[in-house]
Amino acid sequence: MKSLLFEGASYQIALAEDTALDDKLVCVKTIAYDSKRLQDKAYVVQRRKALHQEMTFLTLSSHLLPEPLDWIQLEESETVLSREPVLVYEYMPGETLFEHVKEKHPTGMAPFRALRLIREVAGFLAEIHGEGWVFRNLDPRHIVISVDDIIHMVGASNAAKIGERPLHMQNKGEWAYIAPEIREELSGQFIKRQADLYSLAALFSFLVTGEEPRESVENPLTRAAYEKLAALDPQGLTLLIAKNMQPMAKNRQARIEKFLELSLPQTLPTPQSKDFGLMALPAPWTGAESPDSRAMKSTLSPGPLISVERQAQQQSKDQGQLEAAEPQGCRGILSRLFNRAR
């Protein structure tokens, strides 16, 4: 064990050397449990199921995913269940795409460089969609970029099977890059490919503007981001983002393959292209939520206004029992591993 790479609300990841693989650098991922729920068997089972699902996802045939290397079960556990699982997978060197943009391109990348990266991500989505998965959350913090713009997807705990009920902890976290229809969706009926199209457009917007999207369904773009996106040249870049940041899934492109067809420099859509003629970016507003406020201090298009309140969806009794605040750090598992390493 070398160092703690990441400590989140639900997991911790450490950097280690695998002495059985010529001291290859690896990531060691452990579950961070809510310390108040260590004796809650249903909760512990769900948390372990989520980690195992991530390992299953990492076995998909995509060169952008780190390779899963081991699934270790420690005899000791501080929970009601024994055999604590630990996931070991390939370490991907580099910095997160979020750090890269914020530090080196605070006002946004060159549009065609951003387009090349987005096409890489879109190709990855085509691969996992073909195997029945969606990534759900293309947060730039979940993508590592290294030399020569080589990228890897490292936030695999967000992935879910198409049409299946998401695990309860997947409805936590930031919503800026998550499609509106799946933010509090528990049945699985909206876990579809179009959700990744929204996430891809939100990521594209961040890359070319340096401005993160907002969680608001009707108002996802800051004024600065809106103005930069509206001025992109060629206009086809703007149209691709506008088409896929629509709050309703049916108004986005239906399949990632269609996005790939239209995202080459020579095939970008125009206002004359089918389904793009009246396409406009969702316009920002200030003040109270109303069409009048949206147009305040500007002549921007009002865009879609659907006024969706954030509220919990109908959920099963079992799922409801598992809804609770995730931990702020329970480092017992990693601490034991570090102590053994010493």
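A short reminder: the numbers here are calculations on the coordinates, not readings from a lab. This one's a predicted model, so the numbers in the text were calculated from it and none came from an experiment. A quick note on method: Cβ atoms are made from the backbone with ideal geometry, for glycine too, and the neighbour counts reach across all protein chains shown.
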Taking 7 Å along the Cα-to-C-beta vector as the label spot, tell me the S3-R116 distance in nanometres, rounded to one decimal. 2.9
If the label point is 7 Å along Cα→Cβ of R83, which residues in region 49-65 have backbone nitrogen under 18 Å from it? 49-56
Estimated dipole of region 81-136 in Debye, rounded to 20 [Cβ of Lys and Arg +1, of Asp and Glu -1, Cα centre]: 260
Length gained when the stretch E131-K274 is fully extended (0.36 nm per residue, less Cα-Cα span): 48.6 nm
How big is Rg to Rh over region 184-244, alpha-carbon atoms, Rh as the Kirkwood inverse-mean-distance radius? 1.02
So, for the Cα atoms of region 102-153, Rg and Dmax in Å stand at 12.1, 36
Taking the Cβ of F98 as the center, what net charge do the other residues with Cβ under 9 Å away carry, scoring Lys and Arg +1 and Asp and Glu -1? -2
For region 221-279, the percent of all C-alpha pairs falling in each 5 Å bin, from 0 up to the bin holding the max distance, is 4, 18, 29, 26, 16, 6, 0
Over the alpha carbons of region 69-227, what is the largest minus smallest coordinate on each principal axis, giving the biggest first in Å? 55, 37, 30
Length gained when the stretch D148-E164 is fully extended (0.36 nm per residue, less Cα-Cα span): 2.1 nm
Distance cut-off 25 Å, Cα to Cα: go down the list K102/K228; K192/K274; K2/K29; K192/K228; K29/K243; K2/K49 and report the pairs above it. K192/K228; K29/K243; K2/K49
In µm²/s, what is D for region 37-79 at 37 °C and 0.692 mPa s, where D = kT/(6 pi eta Rh) by Stokes-Einstein and Rh is the Kirkwood radius from Cα pairs? 271
Quick check: net charge around K243, other residues with Cβ under 15 Å of its Cβ, Lys/Arg +1 and Asp/Glu -1? +2
Got a sec? Which residues in region 14-54 would a label at W71 touch, if it sits 7 Å along Cα→Cβ and we count backbone N under 20 Å? 14, 26-33, 42-54
Assuming R0 = 22 Å, what is the FRET efficiency of E95 and E215, from their Cβ-Cβ distance, to the nearest 0.05? 0.35
